[in-house]
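A quick write-up on the structure given underneath.
Values in this text are rule-based calculations from the coordinates and carry no lab data. On a predicted model such as this, the values are computed, not experimentally measured, just so you know. Cβ: placed from backbone, ideal geometry, glycine included. Neighbour counts: every protein chain shown.
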Amino acid sequence: MTAPENQLTGLDFSASSSDVDYPPLDELFKALASSKRRRLLAALPAQSTMTIDELTDVLVGWQSTADGPAGPDEWAKVKIELVHAHLPLLADAGLVTCEDEEIARTTYPEPVEELVAFAGEYDSAVAENEPA
């Protein structure tokens with residue numbers, strides 16, 4: 001599905017990306033609605049893969065930093081959430097691919113990449129301005 005240039009943003013959705021599939025906007029926003037999913041996207045390297053266990057380690061590490069140390073029960077809970085909730089939503093939105101235990105970011109069309117980047121920048125700005 002392609003769309004013409006947007007009059008408000010100036011983004012051209014058709015000029016260089018006529019072969020690109022854009023994820024449905026509702027699925028994209030649903031996928032980006034969770035801070036865990038946004039962190040997961042930030043953690044995934046653009047041109048390589050990570051295992052589910054590696055992603056779990058990263059997310060648990062972020063939680064441990066924010067909330068104190070996390071134990072094995074918390075690690076298992078985060079992994080279950082990844083497998084059964086977060087990764088399926090991200091895959092449905094076309095943001096990741098999941099094969100066996102390997103997770104990879106997909107190549108996003110430029111407007112989607114900008115939205116994902118903006119969401120990460122916004123999260124960082126909010127975190128910096130929260131009272132200690």
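For first residues located in the range 118-132 and in contact (Cβ under 8 Å) with a residue 40 or more places away in the chain, partners that are surrounded by 10 or more Cβ atoms within 10 Å (Cβ to Cβ) and assigned to a helix (DSSP H, G or I) and lie 6+ apart or on another chain with Cβ distances below 7 Å form the pairs Ala119/Leu32; Ala119/Arg38; Gly120/Arg38; Gly120/Ala42; Asp123/Ser35; Asp123/Arg38. Restricting the first member to the range 31-52 and to residues that are farther than 11 Å from His86 by Cα, and the second to residues that are of a type in the set (Lys, Arg) and part of a helix (DSSP H, G or I), the beta-carbon pairs closer than 7 Å and six or more apart or on different chains are Ile52/Lys79. The set of residues from the range 22-52 being hydrophobic (A, V, I, L, M, F, W, C), closer than 16 Å to Ala119 by Cα and either surrounded by 15 or more Cβ atoms within 10 Å (Cβ to Cβ) or touching an Asp or Glu at 6+ places or on another chain (Cβ under 8 Å) (or both) comprises Leu28, Ala31, Leu32, Leu40, Leu41, Ala42, Ala43, Leu44.
Among the residues of the range 72-105, those that are within 13 Å of Pro23 (Cα to Cα) and buried (at least 17 other Cβ atoms within 10 Å of the Cβ) comprise Leu89, Leu90, Ala93, Gly94, Leu95, Val96.
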